[in-house]
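Participant: Have a look at this one before I ask anything.
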């Protein structure tokens with residue numbers, strides 16, 4: 001058992017999350033999305049239904065701390081082509097996460113490829129920057145679970161030279177060598193630093209709502225990932241993520257709405273395209 | 001009262017939907033998303049909470065027919081900055097829609113604009129194509145509710161010359177002159193023909209899961225809209241939509257996963273970028 005599989009193990013609807021998955025004091029939202037997806041799969045397994053998530057949406061209601069998490073599930077539909085379950089993750093009396101996931105047969109829904117985005121050209125992982133573990137990243141214990149190599153062209157923010165372009169690219173995989181699978185994709189989709197780091201906004205960017213699609217079963221090996229934002233408006237921004245596997249196939253994509261505190265100079269530093 | 005406001009009127013948690021909103025036999029999903037968002041707003045109003053939707057996600061469980069729709073609501077959070085309610089729309093014993101919506105104070109969250117996508121250059125509405133009402137569009141009574149002017153450059157599919165580029169642009173507004181507001185944005189986000197029409201796939205494209213963000217309160221007048229897809233894989237595709245108001249402000253955006261039956265020639269007709 002890897003530490004990721006440990007975290008996703010539900011016994012009588014309860015999981016125990018170690019403090020190895022935190023960002024600051026709170027458990028990483030991506031891990032909670034994978035855990036909730038696993039709980040939904042378990043609920044559908046009990047009615048002999050689909051086991052591959054193809055779409056999910058998550059609302060973050062309250063931060064979760066390390067410790068026990070309770071998953072309550074409801075099967076909303078067990079259909080021929082698609083099945084849907086809803087999951088609430090709670091700690092004590094507090095609901096932390098509401099999650100709806102739709103499942104199907106992914107093998108029947110990932111071929112043929114009519115159109116797909118090409119993966120970005122990235123320098124070899126060996127020459128990309130491993131995620132820093134000093135300074136502001138000290139409390140991000142989550143980073144010990146990941147092997148993340150950010151494209152040096154998109155990491156100027158770490159050197160005080162934010163590119164202000166709203167794009168970051170990276171190689172990513174589990175640090176312990178566990179291979180990616182469909183249940184890990186919700187986790188990876190939210191594993192990179194917030195794309196608003198590229199504007200020099202180096203604070204936490206709490207996710208308000210997250211939605212993701214799983215498009216194909218990932219092959220073993222490195223994943224490639226790109227995150228972008230095009231609209232940073234009044235303290236909210238969307239972050240789009242897309243992940244390719246080692247074959248170059250699109251395996252997952254997501255869009256989230258999150259909060260950001262932009263630097264004081266950003267209004268003149270970043271011009272809206274329409275006024276440029 | 002306009003016909004859109006009529007459709008969104010809930011009395012004791014029940015709404016009556018006329019057959020004016022159908023595509024084929026089923027009530028348009030966008031109308032159901034606006035109706036569910038209205039039901040969520042009503043539930044939050046009862047606890048004196050936020051009234052502006054900023055994010056929502058919708059899973060379509062079964063088609064809805066014209067007639068009575070029942071909305072059951074649950075307030076998941078009534079917070080200082082954000083509030084969330086969940087809504088189930090049902091007909092008889094059948095749950096048709098599960099919808100989660102997060103609300104906030106939109107005026108406090110739509111200024112300043114740090115970064116936003118520029119609206120597309122479109123020919124004047126007068127020289128754009130009104131949505132056709134013959135042929136396959138005969139049963140889309142929804143089109144009578146809309147004034148939609150599709151950019152001629154993106155409407156080759158209607159002339160048997162699909163551009164195969166996964167992009168469509170249009171002006172859009174209510175046919176009866178009702179001005180856009182935040183509650184109408186979920187409806188508009190799903191009002192255009194499926195973007196897969198641009199591949200010559202002129203069939204219905206059933207939405208599996210839909211998520212949207214409201215970014216700003218729309219000014220009166222025409223809305224501009226762009227829909228795109230970049231990944232059409234094994235009968236599923238994502239459709240991203242973005243809407244600007246008459247001032248050129250981004251007011252809403254969305255991503256959905258939907259199903260499509262691609263034409264038999266599409267595998268060779270449309271090349272994946274990576275193999276191009």
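The values are calculated or read from the model by the stated rules, or taken from the named source; none is laboratory data. Since the structure is predicted, the reported quantities are computational estimates derived from the model, not experimental observations. FYI the Cβ positions are ideal-geometry reconstructions off the backbone, even for glycines, and counts take in every protein chain you see.
Participant: Within the stretch B:118-132, track down each residue that is within 14 Å of chain A (Cβ to nearest Cβ) and either within 18 Å of residue B:182 (Cα to Cα) or surrounded by fewer than 20 Cβ atoms within 10 Å (Cβ to Cβ) (or both).
Facilitator: B:118, B:120, B:121
Participant: Say whether the condition of being outside any loop (DSSP other than H, G, I, E, B), over 15 Å from the mean Cα position of the chain (by Cα) and buried (at least 24 other Cβ atoms within 10 Å of the Cβ) is met by at least one residue in the stretch A:46-54.
Facilitator: Scanning the stretch A:46-54, I find no residue that is outside any loop (DSSP other than H, G, I, E, B), over 15 Å from the mean Cα position of the chain (by Cα) and buried (at least 24 other Cβ atoms within 10 Å of the Cβ), so the answer is no.
Residue-by-condition table, conditions (1) more than 30 Å from residue B:78 (Cβ to Cβ); (2) in contact with a helix residue (DSSP H, G or I) (Cβ under 9 Å, 6 or more places away or on another chain):
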site	(1), (2)
A:175	yes, yes
A:181	yes, no
A:199	yes, yes
A:224	yes, no
A:231	no, no
A:238	no, no
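Participant: I need a count of the residues in the stretch B:28-58 that are closer than 13 Å to residue B:9 by Cα and within 14 Å of chain A (Cβ to nearest Cβ).
Facilitator: 3
Participant: While we're on this one: Quick check: is even one residue across the stretch A:59-70 within 13 Å of another protein chain (Cβ to nearest Cβ), in contact with a helix residue (DSSP H, G or I) (Cβ under 8 Å, 6 or more places away or on another chain), buried (at least 17 other Cβ atoms within 10 Å of the Cβ) and free of Cβ contacts under 8 Å to residues at least 40 places away in the same chain?
Facilitator: Checked against the condition, which is being within 13 Å of another protein chain (Cβ to nearest Cβ), in contact with a helix residue (DSSP H, G or I) (Cβ under 8 Å, 6 or more places away or on another chain), buried (at least 17 other Cβ atoms within 10 Å of the Cβ) and free of Cβ contacts under 8 Å to residues at least 40 places away in the same chain, the stretch A:59-70 yields no hits at all.
Participant: Could you grab me the full set of residues in the stretch B:235-254 that are without any contact (Cβ under 8 Å) to a residue 24 or more places away in the chain and buried (at least 21 other Cβ atoms within 10 Å of the Cβ)?
Facilitator: Listed by number, the list holds a single entry, B:238.
Participant: Tell me which residues, restricted to the stretch A:87-117, are at the interface with another protein chain (Cβ under 7 Å from one of its Cβ atoms) and either over 12 Å from residue B:235 (Cα atoms) or in contact with a helix residue (DSSP H, G or I) (Cβ under 9 Å, 6 or more places away or on another chain) (or both).
Facilitator: Within the stretch A:87-117, A:95, A:98, A:100, A:102, A:112, A:113, A:114, A:115, A:116, A:117 qualify.
Participant: Scan the stretch A:173-195 and tell me whether some residue there is over 15 Å from the mean Cα position of the chain (by Cα) and within 14 Å of chain B (Cβ to nearest Cβ).
Facilitator: no
Participant: Also, I was wondering about something else. When you scan the stretch A:179-267 for strands (runs of 3 or more DSSP E) that lie fully inside it, which ones turn up with 2 or more residues that are within 21 Å of residue A:63 (Cα to Cα)?
Facilitator: Once the strands (runs of 3 or more DSSP E) in the stretch A:179-267 are filtered for at least 2 residues that are within 21 Å of residue A:63 (Cα to Cα), what remains is A:207-214, A:236-244, A:250-259.
Participant: Can we say residue A:235 is at the interface with another protein chain (Cβ under 8 Å from one of its Cβ atoms) and either at pLDDT 95 or above or in contact with a strand residue (DSSP E or B) (Cβ under 7 Å, 6 or more places away or on another chain) (or both)?
Facilitator: Spelling it out, residue A:235 is indeed at the interface with another protein chain (Cβ under 8 Å from one of its Cβ atoms) and either at pLDDT 95 or above or in contact with a strand residue (DSSP E or B) (Cβ under 7 Å, 6 or more places away or on another chain) (or both).
Participant: Further question: Could you tell me whether residue B:143 is away from every other protein chain (no Cβ under 14 Å), under 26 Å from residue B:258 (Cα atoms), free of Cβ contacts under 8 Å to residues at least 60 places away in the same chain and assigned to a helix (DSSP H, G or I)?
Facilitator: In short, yes.
Participant: Pick from B:162, B:152, B:194, B:220: which is closer than 27 Å to residue A:115 by Cβ, surrounded by fewer than 24 Cβ atoms within 10 Å (Cβ to Cβ), out of contact with any helix residue (DSSP H, G or I) (no Cβ under 7 Å at 6 or more places or on another chain) and in contact (Cβ under 8 Å) with a residue 24 or more places away in the chain?
Facilitator: B:152 is the lone residue from the list that is closer than 27 Å to residue A:115 by Cβ, surrounded by fewer than 24 Cβ atoms within 10 Å (Cβ to Cβ), out of contact with any helix residue (DSSP H, G or I) (no Cβ under 7 Å at 6 or more places or on another chain) and in contact (Cβ under 8 Å) with a residue 24 or more places away in the chain.
Participant: Another question, if that's okay. Filter the stretch A:77-119 for residues that are over 22 Å from residue A:38 (Cβ atoms) and without any contact (Cβ under 8 Å) to a residue 40 or more places away in the chain and give the result.
Facilitator: Within the stretch A:77-119, A:80, A:93, A:111, A:112, A:114, A:115 meet the criteria.
Participant: Every residue in the stretch A:20-45 that is part of a helix (DSSP H, G or I), at pLDDT below 95 and closer than 21 Å to residue A:208 by Cβ, please.
Facilitator: Passing the criteria: only A:21.
Participant: Another one. Tell me whether the stretch A:1-12 contains one or more residues that are surrounded by fewer than 22 Cβ atoms within 10 Å (Cβ to Cβ) and closer than 25 Å to residue B:255 by Cβ.
Facilitator: No: the stretch A:1-12 contains no residue that is surrounded by fewer than 22 Cβ atoms within 10 Å (Cβ to Cβ) and closer than 25 Å to residue B:255 by Cβ.
Participant: Also, I was wondering about something else. Would you point out the residue of the stretch A:71-82, among those that are over 23 Å from residue A:29 (Cα atoms) and more than 10 Å from chain B (Cβ to nearest Cβ), that is surrounded by the fewest Cβ atoms within 10 Å (Cβ to Cβ)?
Facilitator: A:80
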